[in-house]
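What follows is a single structure, written as structure tokens, with notes after it.
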Amino acid sequence: MNRWRNYILSTMAGVLFVIMLVMYLFGYLSDPQIKVLEYAGIVLWALAAMLGILPIIEFKRKGGVKRGESYVKTTKLVDTGIYSVVRHPQYTAWPLLFVSLILLSQTIPMLLMGIAGTALGYYDTLKVDDGLLEKFGEEYADYMRRVPRMNFVLGMYRKLNK
């Protein structure tokens with residue numbers, strides 16, 4: 001199978017995100033009428049930023065990444081820190097960013113693009129789980145049973161009620 005096919009959905013989601021971001025930043029497709037939704041969008045953006053940054057730190061510290069390698073080149077399964085809450089924090093950040101832009105802009109075209117981008121990103125996580133099952137085997141299968149894919153609310157609930 002061609003390797004480019006592995007990235008087509010995430011690339012499409014990324015393109016949609018960039019279009020949405022540019023449209024929002026330049027004032028196109030933006031008509032925020034409800035201030036509380038705008039504030040919620042800002043909060044979600046900050047949460048998404050944390051979910052995007054924390055994995056880099058966690059993988060570098062505990063993932064067995066060789067010096068000079070990308071943080072995604074882990075050799076050990078990491079199930080601590082943010083990875084004890086959700087299996088895919090950076091993928092979880094994507095729908096939060098899409099929803100954030102929807103709330104900030106409050107327009108139908110942004111809503112439609114956000115739904116499409118979220119669906120594409122979610123589908124990508126299914127493929128990632130398959131690859132990690134292949135890489136880490138039964139250890140990852142056990143991890144999948146313990147930690148939700150992207151539902152950080154359920155993940156926090158489980159973590160707090162251990």
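The values are calculated or read from the model by the stated rules, or taken from the named source; none is laboratory data. Fair warning: this is a prediction, and the values are worked out from it, not measured in the lab. As a convention, Cβ positions derive from the backbone with ideal geometry for all residues, glycine included, and neighbour counts pool all protein chains shown.
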Scanning for something surrounded by 21 or more Cβ atoms within 10 Å (Cβ to Cβ) and of a type outside the set (Val, Ile, Thr), does the stretch 125-133 turn up at least one residue?
no
Would you be able to tell me the number of residues in the stretch 49-68 that are buried (at least 17 other Cβ atoms within 10 Å of the Cβ) and without any contact (Cβ under 8 Å) to a residue 24 or more places away in the chain?
3
Can you find even one residue in the stretch 62-78 that is assigned to a helix (DSSP H, G or I) and hydrophobic (A, V, I, L, M, F, W, C)?
no
Looking at (1) modelled with pLDDT of 95 or more; (2) within 22 Å of VAL18 (Cα to Cα); (3) acidic (Asp, Glu), which is the only condition GLU138 fails?
(2)
Can you find even one residue in the stretch 93-116 that is in a loop (DSSP other than H, G, I, E, B), under 30 Å from ASP142 (Cβ atoms), under 12 Å from the mean Cα position of the chain (by Cα) and in contact (Cβ under 8 Å) with a residue 12 or more places away in the chain?
no
Do the conditions hold for GLY155, that is, is it small (Gly, Ala, Ser), crowded, with 19+ Cβ neighbours inside 10 Å and at negative phi?
yes
Any idea how many residues of the stretch 78-121 are at pLDDT below 90 and either in contact with a strand residue (DSSP E or B) (Cβ under 9 Å, 6 or more places away or on another chain) or of a type in the set (Phe, Trp, Tyr) (or both)?
0
Are any residues in the stretch 40-92 within 27 Å of LYS162 (Cα to Cα), aromatic (Phe, Trp, Tyr) and out of contact with any Phe, Trp or Tyr (no Cβ under 7 Å at 6 or more places or on another chain), and if so, which ones?
TYR83, TYR91
Looking at the stretch 69-124, which of the residues that are buried (at least 21 other Cβ atoms within 10 Å of the Cβ) and small (Gly, Ala, Ser) is farthest from ILE53 (Cα to Cα)?
SER105
Applying the selection to the stretch 35-48, what residues are surrounded by 14 or more Cβ atoms within 10 Å (Cβ to Cβ) and free of Cβ contacts under 8 Å to residues at least 60 places away in the same chain?
LEU44, TRP45, LEU47, ALA48
Taking the stretch 127-162, which residues are more than 11 Å from SER84 (Cα to Cα), in a loop (DSSP other than H, G, I, E, B) and either touching a residue at least 60 places away in the same chain (Cβ under 8 Å) or in contact with a Gly (Cβ under 6 Å, 6 or more places away or on another chain) (or both)?
MET150, ASN151
